[in-house]
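Please treat every number below as a calculation from the coordinates, not as lab data. What you see is a predicted model, and the numbers here were worked out from it, not measured in a lab. Cβ sites come from the backbone with ideal geometry, for glycine too, and all protein chains shown count toward neighbours.
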Amino acid sequence: MLDKHIVPILKPPLAQAASVLHGRGWIADRVTVAGFVIGLFCVLALALGEPLLGLLLLLLNRLADGIDGELARKQTPTDAGGFLDISLDFIFYALFPLGFAVANPVDNALPAAALIASFVGTGASFLAFSSMAGKYKLEHPEFGYKGFYYLDGLAEGTETILFFSLMCLFPNHFALLAWVFSAICVVTALNRVWFGYLTLKRDTRHES
């Protein structure tokens, strides 16, 4: 919901950082993998009861995710790079709640499981629609910077970072934050399924 407002503000500094890395010979896929490794250390920090360290690593992970796209645009964007980026993003999102579940399984295991399940809904609806949109060459002008067709909703990247950050800042309230964000993700998934269905039914009716 907020990405289309926040991303244009972040693009100039991210592009500048990408220019520096480009000048030093970095490639986008290397930044993607480095960011994912940082994300794994983030989950480990959370599991060990170090949420503030986890917050720092979370922000570094998301910074890498922003830079790799800008870096790819300065080089030659590839489908392989886009696939790697989105795959590692979804894996990190699914792993993140596990850190809190391991740190406090009694209070956090169930809400963490619910949050992961809600991520399956948002991720499946996102990727399923993206594959069909690519097949029929559908475009979303507000999200032209994405490597995949982006069907927006209440829970996008900005909201995810916000809730993940709040969980790190207030780990004792992880359960409440996880339940709230799970509900937002469920609404997002239902919205994507419904409007994705309507969009495909309308825009592909002459293709079948």
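Data overview
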quantity	calculated
Per-residue Cβ neighbour rank within 10 angstrom, fewest leading, Met167, Met132	Met132, Met167
Region 3-203, relative contact order [Cα under 8 Å, separation at least 6], %	23 percent
Given charges at Cβ of Lys, Arg, Asp, Glu: the chain dipole, positive-most of Asn104, Ala183, Leu10	Leu10
Prolate/oblate/rounded label for region 1-52 (Cα gyration tensor, a/c 1.5)	oblate
Shape category assigned to region 29-102 from the gyration tensor of Cα positions, a/c cut at 1.5	prolate
Where labels lie 7 Å past Cα in the beta-carbon direction, separation of Leu110 and Leu162 in nm	2.7 nm
Ascending count of other beta-carbon atoms within 10 Å, so fewest first, for Trp179, Trp194	Trp194, Trp179
Anisotropy class of region 3-203 from Cα gyration tensor, a/c 1.5 cut	oblate
Value of [θ]222 nm, deg cm²/dmol, for the chain, DSSP H segments ≥ 4, -39500 (n - 2.57) each, nearest 500	-28000 deg cm²/dmol
The chain: DSSP helices with Cα axial extent of at least 20 Å and average Kyte-Doolittle hydropathy no lower than -0.5	3-23, 28-47, 51-74, 79-103, 105-136, 174-203
Around Val31: net Lys/Arg minus Asp/Glu count, Cβ-Cβ under 15 Å	-1
Neighbour-count ranking [beta-carbon atoms within 10 angstrom, fewest first] of Arg73, Arg62	Arg73, Arg62
